[in-house]
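Asker: Okay, here's the structure, questions in a sec.
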Amino acid sequence: MSSAEQTPVSSGTEQTPRPTRLAAAAAVAGIEALGLVAGGVYMLVDALTGTSGDLTGAVTGAVTLVVLGLIPLAAARGLWLRRSWSRGPAVVMQILALPVAWQMLQANSAMIPAGAVLGVLAVTGLVLLVNPATTAALGIRRPGQDTP
């Protein structure tokens, strides 16, 4: 390896190592994004193979899930790259996931385990996103906190 490959490029400001909680929050958002996109692709394949009764509704639902999956995907990338804007969409997605998980838990089907997983992910994501180490790593100041 050359010395250029061994030395990370610095933009003039040294960054501290990424907190584990921030990396975990990015992972939670990424898992949720993958789940939404996978669900959308499944619905689309199901609609196109003719097993769905309402083609228009199934395609609309599939496209909606894929597009919604882009929100936590962007948030996960932003969290990983320490972009302060990314916390807002990530928190919103966790809050929206809670009633969805609750409805899945009310079903009498295989959706119950999926609802439990989604609920655990949403609560875990919220806890990680409001953690002081995460907010500090993203450069978000609390009310009353002095500017550096």
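The values are calculated or read from the model by the stated rules, or taken from the named source; none is laboratory data. Worth saying up front: this structure is predicted, and the values here are computed from it rather than measured. We place every Cβ from the backbone using ideal geometry, glycine too, and count neighbours over all the protein chains shown. Only protein heavy atoms, including side chains, enter the accessible area calculation; ligands, DNA and RNA are left aside. Shrake-Rupley method; radii C 1.70, N 1.55, O 1.52, S 1.80 Å.
Asker: If we sort 40-48, 121-129, 107-115, 22-30 on the protection proxy, mean other Cβ atoms within 10 Å, highest first, what's the order?
Answerer: 22-30, 121-129, 40-48, 107-115
Asker: Leaving out ligands, DNA and RNA, and with a 1.4 Å probe, what % of the accessible surface on the chain is carbon or sulfur?
Answerer: Roughly 67 percent of what the probe reaches on the chain is carbon or sulfur.
Asker: Once the Cβ-Cβ distance between residue 85 and residue 59 is put in as r, and R0 is 41 Å, what FRET efficiency do you end up with, to the nearest 0.05?
Answerer: My answer for the efficiency is 0.85.
Asker: To continue, here is another question. Can you list which of the trypsin sites (Lys or Arg not before Pro) found in region 49-148 are DSSP loop residues with at most 14 other C-beta atoms within 10 Å?
Answerer: Here the trypsin sites (Lys or Arg not before Pro) that fit, given the DSSP loop and packing criteria, are 83, 141.
Asker: Here's another thing I want to ask about it. Expressed as a rounded percentage, what relative contact order does region 42-148 have, with Cα pairs under 8 Å and six or more residues apart?
Answerer: 18 percent
Asker: Just the number: Rg to Rh for the chain, Cα atoms, Kirkwood Rh, two decimals.
Answerer: 1.10
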